[in-house]
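Written below as structure tokens is the structure these notes are about.
Just so it is clear, none of the values below were taken in a lab; they were calculated from the coordinates. Not measured: the values here are computed from a predicted model. Heads up, the Cβs are rebuilt from the backbone with ideal geometry, glycines too, and the neighbour counts pull from every protein chain shown.
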Amino acid sequence: MNTPITVQYKINASAEKVWKALTDKDEMKSWYFDIEDFEPEVGKVFNFYEPGGENKYHHQGEILEIIPNQKLKHTWSYPDFSDRKTTVTWELQSHDDETLVKLTHEGIENFKDLGEGFSRENFTGGWNSIVGQSLKEYLEK
């Protein structure tokens, strides 16, 4: 089953405001992850851990594509567990002061042998929480 995970939510904010939340590392800390080495530039690699300070899961990504205010595409991997990678694409469609945020996570089956913490269900729940709650609440406050 190579079906990507897709979540989408309408957010009452302009595409520019959503884009800044997705690409400004100071804003990211407020709703997403603390990614100190994030630079919105194709080819740049970034690293981060889950919140809470346990540093159990080292996440790594590489920016693959950027179209300002429209699309951010990057790899998503766990180099401590596997050399396999997945791809996360954030797409923004603006309608007046509302933006449809669509997140697609492809290749999730690459993590199927890593255990329950890397299950499709966990990622689906995580992305729904991140986009539908954290990002939405951050931008609509």
Shape metrics for the chain, restricted to C-alpha atoms - Rg then Dmax, Å: 14.5, 44
Calculated [θ] (222 nm, deg cm²/dmol) that DSSP helices of n ≥ 4 give over the chain, each run adding -39,500 (n - 2.57): -6000 deg cm²/dmol
Rounded tilt (10° steps) of 120-129 against the dominant C-alpha axis of the chain: 30
Violating pairs (Cα-Cα greater than 23 angstrom) within the set Lys25/Lys102; Lys17/Lys85; Lys56/Lys85; Lys10/Lys73; Lys10/Lys112: Lys17/Lys85; Lys10/Lys112
Reachable aspartates and glutamates, given that their alpha-carbon falls under 19 Å from the alpha-carbon of Lys136 and they are not under 8 places away in the same chain: Glu16, Asp24, Asp26, Glu27, Asp34, Glu91, Asp96, Asp97, Glu98
Inter-label distance, nm, simple model (7 Å from Cα along the C-beta direction), Ser82/Lys102: 2.5
